[in-house]
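Here it is: the structure, laid out below.
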Amino acid sequence: NSGVMSLLRPLLLDVVPTIQQTAALALGRLANYNDDLAEAVVKGDILPQLVCSLSEQNRFYKKAAAFVLRAVGKHSPQLAQAIVHCGALEMLVICLEDFDPGVKEAASWALGYIARHNSELSQAVVDAGAVPLLVLCIQEPEIALKRIAASTLSDISKHSPELAQTVVDAGAIAHLAQMILNPDAKLKRQVLSALSQIAKHSVDLAELVVEAEIFPVVLTCLKDSDEYVKKNGATLIREIAKHTPELSQLIVNSGGVAAVIDCIGSCRGTVRLPGIMMLGYVAAHSENLSMAVIVSKGIPPLCACLVEEHEDHIKAAAAWALGQVGRHTPEHARAVAVANVLPILLAMYMDTRSSEDLQMKATLKNILQKCTYLPALDPLLHDAPPNIMKHIVGQFSKVLPHDSKARRLFVTTGGLKKVQEIKAEPGSLLQEYINTINNCYPEEIVR
């Protein structure tokens, strides 16, 4: 408000180098504060001045100037676009070749903040020639530089398969994969994130990541003391598992399912989410893969997530995953039903406070259509709403005609009585199911 911007601008050209640097630093801190101030830096025509002096100044000035560019570019795609317009990308890429690691780090950071907004800006960073130099930066000895270069590669890869392919073509995967075992937690977070952003787009890209022999090494990350390393590790495994049954099978063979199940059991909150989804994806592919989740004792921790978590989106993911496990055959459905999870799902489905997504995922339909384990269905008869009731009654109508023991139990537990109370539309599917059940018994018992 006091017109500081216009006072700082001429200081960028001062004859004393320390004054130039300090002025740039002051502008960077102002721009970093919020988007209005960043906007003022752009409107005050300060960027072209920074850019034209970037090439000839010393390393301290370069760091300060890159900081200003990063501070402006982080707020919005429009502000990042302003940086691209004034020709800053080429200068930042030249800074990636500087001999001073601090200058490389500052430049890499600024490029990452520009690339993360959208695929057009990311493409502009690629076109300026940043990717091969960033791949060289992750091979430098300085940990801070490795971290930020890996993070920037992650930001470039995330938008589209084509951008991820550019990163792959520059040879990034092999160097990233080698750093999964690095002791530095912050570096591991970025490395796992970058590999996830590459693997998520397509089967081909996921296979390239797998071919870098990240299994079973990556499973150690699921036991890491750093929550984000765990979460990003699970996310990477999820992004690979979701594509094809073959990739999921490869993860099962390397002990990945058991490791993810342990991980879900040992943590709380959003850290669990990628692991929960990974189990759902694996189970969705085929009967055998779903059985692998059951055999590895995956159902109890998924049930625990339903009960323990407070966030609806985590509960919804767990409900969805259990649905994927139980939807294949009666055997699969029974494994889920025995865990006493159906009443919990039903309660969530009927709870008006549940989010729409959670209600949709907790419908039980997938599991019920296969479930022939009647003791688990019995309690549901008394609470279920009509749209779910038809699936429950449908299952009883399939089993009771062939199972005399079940028929006796159905009378003594009050199930048959409950069925007589259901008001079904004449000629509806539900009415057919009820008739089938009633036909299993002598008329006087039904009456």
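The values are calculated or read from the model by the stated rules, or taken from the named source; none is laboratory data. It should be emphasised that the depicted structure is a prediction, and the values quoted were computed from it without experimental measurement. Ideal geometry is used to build each Cβ from the backbone, glycine not excepted, and the neighbour counts take in all protein chains shown. Side chains are part of the model used for accessible areas, which takes the heavy atoms of the whole protein and leaves out ligands, DNA and RNA. Shrake-Rupley method; radii C 1.70, N 1.55, O 1.52, S 1.80 Å.
Those residues that are in a loop (DSSP other than H, G, I, E, B) and farther than 15 Å from L381 by Cβ, I need them from segment 404-447; list them, please.
The answer is E425, P426, G427, S428, N439, C440, Y441, P442, R447.
For (1) surrounded by 14 or more Cβ atoms within 10 Å (Cβ to Cβ); (2) under 16 Å from H391 (Cα atoms); (3) among the charged types (D, E, K, R), each residue gets a yes or a no:
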| position | (1), (2), (3) |
| --- | --- |
| T412 | no, no, no |
| P426 | no, no, no |
| Q431 | yes, yes, no |
| C440 | yes, no, no |
| E444 | no, no, yes |
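When you scan segment 33-97 for helices (runs of 4 or more DSSP H) that lie fully inside it, which ones turn up with 3 or more residues that are over 30 Å from the mean Cα position of the chain (by Cα), under 22 Å from K146 (Cα atoms) and touching a residue at least 40 places away in the same chain (Cβ under 8 Å)?
59-73, 88-95
Kindly indicate which of L364, L273, L346, L342 is out of contact with any strand residue (DSSP E or B) (no Cβ under 6 Å at 6 or more places or on another chain), open to solvent by less than 60 Å² (accessible area, probe 1.4 Å) and on the phi > 0 side of the Ramachandran plot.
The conditions single out L364.
Test each condition in (1) touching a helix residue (DSSP H, G or I) at 6+ places or on another chain (Cβ under 7 Å); (2) in a helix (DSSP H, G or I) for D204 and report the one that comes out false.
It is condition (1) that D204 fails.
Can you name the condition, by its number, that T166 falls short on among (1) open to solvent by less than 50 Å² (accessible area, probe 1.4 Å); (2) within 20 Å of A234 (Cβ to Cβ); (3) touching a residue at least 40 places away in the same chain (Cβ under 8 Å)?
(2)
What pairs come up if the first residue lies in segment 324-335 and is closer than 16 Å to G394 by Cα, the second is open to solvent by 10 Å² or more (accessible area, probe 1.4 Å) and part of a helix (DSSP H, G or I), and their beta carbons are under 7 Å apart, counting only those six or more places apart or on different chains?
R327/N366; T329/E287
Right, another one. May I ask you to list the residues in segment 240-260 that are open to solvent by 10 Å² or more (accessible area, probe 1.4 Å) and either over 18 Å from the mean Cα position of the chain (by Cα) or among the β-branched types (V, I, T) (or both)?
Within segment 240-260, T244, P245, E246, Q249, L250, V252, N253, S254, G255, A258 meet the criteria.
Could you please give the count of residues in segment 323-351 that are within 16 Å of E308 (Cα to Cα) and either at pLDDT 95 or above or not in a helix (DSSP H, G or I) (or both)?
3
For segment 180-197, give me the residue count where each residue is within 21 Å of L163 (Cβ to Cβ), of a type outside the set (G, A, S) and open to solvent by less than 30 Å² (accessible area, probe 1.4 Å).
3
How many of the residues making up segment 84-128 are surrounded by 18 or more Cβ atoms within 10 Å (Cβ to Cβ) and under 15 Å from A64 (Cα atoms)?
14
When you scan segment 380-403, how many residues do you find that are open to solvent by 60 Å² or more (accessible area, probe 1.4 Å) and assigned to a helix (DSSP H, G or I)?
6
Quick check, is I148 over 19 Å from I240 (Cβ atoms) and buried (at least 16 other Cβ atoms within 10 Å of the Cβ)?
yes
Select from segment 277-306 the residues that are within 14 Å of R327 (Cβ to Cβ), open to solvent by less than 40 Å² (accessible area, probe 1.4 Å), in a helix (DSSP H, G or I) and touching a residue at least 40 places away in the same chain (Cβ under 8 Å) and list them in ascending order.
Correct list: L279, G280, V282, A283, A284, L289, S290, I294, I299.
Restricting attention to segment 352-371, does a residue exist that is modelled with pLDDT of 90 or more, part of a helix (DSSP H, G or I) and more than 28 Å from T270 (Cα to Cα)?
yes
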